[in-house]
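What follows is calculated from the coordinates using simple rules that are stated; it is not laboratory data. None of the values given here were measured: they were computed from a predicted structure. Virtual Cβ from ideal backbone geometry, glycine too; neighbours counted across all protein chains shown.
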Amino acid sequence: MKRLSIFFPLFAVLFTLAILGAFWIPTHDSGWKIILLLLLWLSGISLIGLIWYHYEHKKAWLARIINETANHPHIHQQSFESDDFTEVVQAVNQLGKRILKEEERRGQLIADVAHELRTPLTILRSQLETLVLEGKEVSIHQLIPLVDEIIHMQQLIHNLQQLSLAKANQITIKRSWFVFQEWLEEIIETLNIKAIEKEIEVKVEGKVSKEVYWDSSRMKQVVINLLGNAIKYTEQGGKVNIVLKQSQGIVKIQIIDNGPGIPPEKLPYVFKRFYRVDASRSRVSGGSGLGLAIAKEFVELHGGSIYVESESGEGTTFTAILPIFPVD
């Protein structure tokens, strides 16, 4: 690169001389004027090319440095005498890690979305091709499964959008005061039909006597997801308990089921995007694998926390802890 840098002043001089010559040479010396104009064009193009090459070279050099430092996290100050330079290297190292991590996350997101959409699209294509090949009039009964797949894709895209906005802190939280106990009873009533179908008893223990200052809609989505999962994965005739505790401005909500439980090796991934403990049931149950990830984001946006405890064969407990009055 140093060798190429000596051409910068050379082409700059040629460029300047060509401009001056083009104006000073008499108009009847058209041959010389054409030569100088050609020289002007060549030197200008060359100068622009060198500037572009210099810029690209610097950009590639920076990318290489970021990559190398990210792949060699043990570079530290004994390699350099200057503390300031060490700080710069450490900053570049951290930047490189963040960039690589973000690229990996973005690539994984694209792969996950493609994977999730592949199944409903394949089903739609297969059923539509069958209808076309049969050449018969389409009945309402034949359209129902197609509509179901479209609804599934719409829900997937909607959930993915909510999750992305929540992670980027761009989702709107509309807080208001409301009576917690009445709000919870309405949610239980909404899901009670599914519980009755499986003869599952949903029992509430404890009480939150005060109003809470939450986004009613967002937190309703959280509880519906947690309670819905508990009912979904609890066997016929099982039990689901909702345990409520309130103390010092904090509300603790526990949703406990006596279902099959979650293996310990899978617990760290429960709140990950598109993760399903039982992948074989995902299509039957209609889950998108985004519910718990969204629940976690919504709880954290309210200044709270959420975690899971479980043992195989012993049931599962999801616990959400939130302040009654979240402070931004």
Of the listed peptides 226-236, 256-266, what is their order by residue-averaged count of other C-beta atoms within 10 Å, with the highest listed first?
226-236, 256-266
Amide H of VAL251 versus every other amide H placed in the peptide plane: which residues, excluding those fewer than 5 positions away on the same chain, fall under 5 Å?
LEU322, ILE324
The pairs in LYS101/LYS239; LYS167/LYS220; LYS97/LYS174; LYS194/LYS266; LYS207/LYS266; LYS101/LYS245 lying past 30 Å Cα-Cα in this model are LYS101/LYS239; LYS97/LYS174; LYS207/LYS266; LYS101/LYS245
With a cut-off of 8 Å between alpha carbons and a minimum separation of six or more residues, what is the relative contact order of segment 176-323 in percent?
24
Computed ³J(HN,Hα) along segment 160-172: with the Karplus parameters 6.51/-1.76/1.60, θ = phi - 60°, integer Hz and x for glycine or proline, the list is 5, 5, 4, 5, 5, 5, 5, 5, 8, 6, 10, 8, 8
Going by C-beta contacts inside 10 Å, put VAL308, VAL223, VAL240 in order with the fewest on the left.
VAL308, VAL223, VAL240
Karplus couplings for segment 191-202 from phi (6.51 cos²θ - 1.76 cosθ + 1.60, θ = phi - 60°), rounded to Hz, Gly and Pro as x?
9, 5, 4, 5, 5, 5, 4, 9, 6, 9, 8, 9
Estimated vicinal HN-Hα couplings, Hz - segment 249-263 in sequence order (Karplus 6.51, -1.76, 1.60; Gly, Pro = x):
x, 10, 10, 10, 10, 10, 10, 10, 10, 10, x, x, x, 10, x
For PHE178, other-chain or 5+-apart residues with amide H closer than 5 Å (H placed, Pro excluded) are VAL212, TRP214
Mean separation of Cα contacts under 8 Å, 6 or more apart, over the residue count of segment 135-236: relative contact order %
32
